[in-house]
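A short reminder: the numbers here are calculations on the coordinates, not readings from a lab. The structure displayed is predicted, hence computed values, not measured ones. Cβ coordinates were reconstructed from backbone atoms using ideal geometry, including for glycine residues, and neighbour counts include every protein chain displayed.
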Amino acid sequence: DKEGRPGGGGGGAAAPQGLGCMEVMSVGELAAHLKVCEFATVECANVGCQALLIPKDVLGHAATCEHRVAPCTHCSKQVGWKSIEAHQNLCPKATVKCATKGCKEEVEKGLGSLHVCQHQEMSCPACEETLLRKDVPAHWQTHAEAHELAEIPAKMEEMKRKISDLEDKELSEKRHAHPSTKTLVFNWRAEGWGPGYYASESFDLGGGGVADCVLKCGDAPEVFSHFIGFDIVGEHKTLRVHATMSVLDKEDRTLRQVYEIGTAAAPKEVSPEGNDGYYGIDFTPTKAEQDASVRPDGSVRLRAVVRVF
């Protein structure tokens with residue numbers, strides 16, 4: 001009929017073939033209707049999924065689609081739903097607790113073996129008593145007489161030197177054992193806050209780039225009398241890095257993060273040509289920071305963490 005009811009004989013009317021739609025219209029109106037029909041099918045937007053859906057089911061399907069992606073809770077990388085659990089179990093950004101009894105620190109899996117635990121047991125070189133690393137300074141003060149007063153200064157400095165050298169060696173070996181993380185972590189030493197230029201060991205940035213971390217100490221008392229950063233040389237053109245540099249206290253804990261370049265999410269592009277190869281910041285350590293960082297032998301220790309992307 002002319003109104004286009006199903007079963008009518010003429011008029012050119014047609015019903016769209018969507019799932020459950022019962023509207024009737026002329027053939028000429030069909031194309032426009034299909035654009036707004038709530039029963040017209042659409043493909044799932046997830047790569048690999050071939051499901052055909054009606055608009056009202058799209059959101060519900062998206063929440064359960066086996067081909068959907070989700071961000072890793074540790075690194076924010078988008079990962080396929082079927083693989084998300086395996087990825088998060090192995091993600092280098094996931095944090096784990098230190099396995100040493102009594103230590104409550106959490107570190108990233110990718111840097112876990114670089115953790116210098118203050119609850120690690122070690123023997124006192126004077127009396128062979130087993131101590132935790134964090135208790136060594138107090139032990140020496142408490143047992144001064146038993147350790148023979150005349151020999152304490154030399155033995156204490158020797159023990160601290162051995163601890164420092166051992167930690168530097170451990171950090172150096174461990175960073176070379178993790179080339180896939182492209183993360184370099186190490187300490188370097190300055191002879192106090194007085195005038196001088198103190199550089200770390202040189203390290204390979206990859207791609208032909210070599211750098212070393214530096215601390216420049218001026219002799220002026222005014223603000224910004226010091227500089228901390230790193231010097232890049234080599235044949236490479238541009239590298240992307242995220243680096244932090246910190247002053248350590250007398251027990252090798254971070255006293256103050258002085259400098260950061262880039263972030264893990266947005267690394268900074270650096271090159272030998274940029275800034276003449278120097279990247280860093282001017283600063284002046286406060287009196288409290290100097291008191292907390294200068295060791296009995298007059299030295300200061302600094303730590304760099306450099307990630308190359």
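Cα centroids of region 40-59 and region 230-309: how far apart, whole angstrom? First find each Cα centre; the distance between them is then 51 Å. Computed from the alpha carbon atoms alone, the convex hull of region 256-309 holds 117 Å³ per residue. Using the Cβ-Cβ distance between Ala144 and Asp165 with R0 set to 25 Å, the FRET efficiency works out to roughly 0.55.
Between His74 and Arg256, take the C-beta separation as r, use R0 = 30 Å, and let me know the FRET efficiency to the nearest 0.05. For His74 and Arg256, the calculated efficiency is 0.65. The calculated FRET efficiency for Lys104 paired with Asp282, based on their beta-carbon distance and R0 = 35 Å, is about 0.45.
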